[in-house]
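The values are calculated or read from the model by the stated rules, or taken from the named source; none is laboratory data. The shown structure was predicted, so the numbers you read here are calculated from the model rather than taken from an experiment. Heads up, the Cβs are rebuilt from the backbone with ideal geometry, glycines too, and the neighbour counts pull from every protein chain shown.
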Amino acid sequence: MKKNCLFIFLILIIITLIDIKPSHAIFFKQGAYLEKNQWGALEDILNDWNNKLITTDECALYGCYVLAAQEPARKDKNNKIKLLPTKYKLEKKSKSAGPYFFVNFLYNFEDKLAPEALNEFRNSDWSDFEFYDKFTKNDKIIEIIKKN
């Protein structure tokens, strides 16, 4: 334990001395698309849901299609675009810089979604279900939690 703390402390000193900012290490080119205000379709989908023009499941599905269609590395993005109703324009600018307002909606209604919508969300890059599921099914972690 002392060796780990000493190692971390040493790394922090080295970073400070050579003036490397840790935030530079977490920049990914693929993530640059997130903050470009291109989430107008998500705003329109939420507006339709608020006005009761679409169901919660349709809202979640359409939103997941928009999220998938906007991800540059997504292989099935063209298929997701075809599933989206034509009234939702992917190029439409949004008030919000990122899609987090919609991801928050998905988490708030996750326990109320039908299986199709829930699977679409859980199979997206925006859900932490896979990590959480592995974490809660790990016997070693469960033992540690029960001991404390």
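Every residue, every condition in (1) of a type in the set (Ser, Thr, Tyr); (2) farther than 10 Å from Ala41 by Cα; (3) more than 19 Å from the chain's Cα centre (by Cα), yes or no:
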{"residue": "Cys64", "(1), (2), (3)": "no, yes, no"}
{"residue": "Gln70", "(1), (2), (3)": "no, yes, no"}
{"residue": "Leu83", "(1), (2), (3)": "no, yes, yes"}
{"residue": "Tyr88", "(1), (2), (3)": "yes, no, yes"}
{"residue": "Lys95", "(1), (2), (3)": "no, yes, no"}
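Please note which helices (runs of 4 or more DSSP H) are completely contained in the stretch 96-148 and include at least 2 residues that are farther than 23 Å from Trp39 by Cβ.
Working: elements: 100-108, 115-122, 129-136, 139-147.
The helices (runs of 4 or more DSSP H) meeting that bar are 129-136, 139-147.
For the stretch 54-111, name all the residues that are of a type in the set (A, V, I, L, M) and surrounded by fewer than 12 Cβ atoms within 10 Å (Cβ to Cβ).
Narrowing the stretch 54-111 to residues of a type in the set (A, V, I, L, M): 54, 60-61, 66-69, 73, 81, 83-84, 90, 97, 103, 106.
If the condition is that a residue be of a type in the set (A, V, I, L, M) and surrounded by fewer than 12 Cβ atoms within 10 Å (Cβ to Cβ), then Ala73 is the only one that fits.
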Worksheet item: So which of Ala69, Ala73 ends up being in a loop (DSSP other than H, G, I, E, B) and within 14 Å of Trp126 (Cβ to Cβ)?
Response: Ala73
Discussion item. With within 24 Å of Asp128 (Cβ to Cβ), of a type outside the set (Lys, Arg) and touching a residue at least 24 places away in the same chain (Cβ under 8 Å) as the only criterion, which of Tyr62, Tyr100, Tyr88, Tyr107 stands out?
Written reply: Tyr62
Practice prompt. Please work out which residue is farthest from the chain's Cα centre (by Cα), limiting yourself to the stretch 19-58 and to residues that are at pLDDT below 95 and of a type in the set (Val, Ile, Thr).
Written response: Ile20
